[in-house]
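Notes for the one structure printed next.
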Amino acid sequence: MTSASIKSASGPARRTVVAAAGAAGLSVALTACGGSDDDSSSSSSSAGAAGSAGGTAAASTGGTSGGDNGAAGAALTKTADIPEGGGKVFGSEKVVVTQPTAGTYKAFSAVCTHAGCAVKSISDGVINCPCHNSNFSIADGSVKSGPARKPLPEVPIKVSGDSITLA
């Protein structure tokens, strides 16, 4: 009989530990994949899309869409450093700058709209997020493949001579 009481005493404690670990893991997963920012990014995306309709040298002259992107006027790079048909990710500024066609420079938030991961690379005309393999267009930030459903918000930049700065 004593072995039965020992089993029941150790059983619930083990279950409690496993349940707590599972709940903590679920909480982290839900936080990472949560969609609470979707409403704010959709309004930013539509504002960015409206502001970019006529610009070729600058991404947008409207309001900032990323909020956490570097300070306005901060020098990012030289135009020669952004390859035609490609781009470059600036992790500390949370910005990705692209050149979809010769002389046209665009900038987008480097934060994936799916789970908030940082995009890491640009290849074959798309901005790549390594977390869940979402891909975005270098021309307009639109989703090329998911799970992301919303485009990368545009970030206003200024191209002056051979210098690209945050607007």
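Sorted by average packing, counted as other Cβ atoms within 10 angstrom per residue and highest first, what order do 117-127, 82-92 take?
Values: 117-127: 17.5, 82-92: 15.8.
Ranked from most to least packed, the peptides come out as 117-127, 82-92.
If you take every residue apart from E154 with its C-beta less than 14 Å away from the C-beta of E154, what net charge results, scoring Lys and Arg +1 and Asp and Glu -1?
+3
Working with all protein chains in place, sort K150, K78 by solvent-accessible area computed with a 1.4 Å probe, largest first.
Values: K150 55, K78 95 Å².
My answer, sorted largest first, is K78, K150.
How do 131-138, 155-162, 107-114 rank on mean C-beta neighbours within 10 Å, highest first? Intermediate values should be presented prior to the final figure.
Working: 131-138: 19.8, 155-162: 17.8, 107-114: 26.4.
Going from most to least packed, we get 107-114, 131-138, 155-162.
Using Cα positions and a limit of under 18 Å, work out the lysines in reach of K94, with same-chain residues fewer than 8 apart set aside.
K78, K106, K120, K150, K158
The values are calculated or read from the model by the stated rules, or taken from the named source; none is laboratory data. Remember, predicted model here, so these are calculated numbers, not experimental data. Cβ coordinates were reconstructed from backbone atoms using ideal geometry, including for glycine residues, and neighbour counts include every protein chain displayed. Note: areas computed on protein heavy atoms with side chains; ligands, DNA, RNA excluded. Shrake-Rupley method; radii C 1.70, N 1.55, O 1.52, S 1.80 Å.
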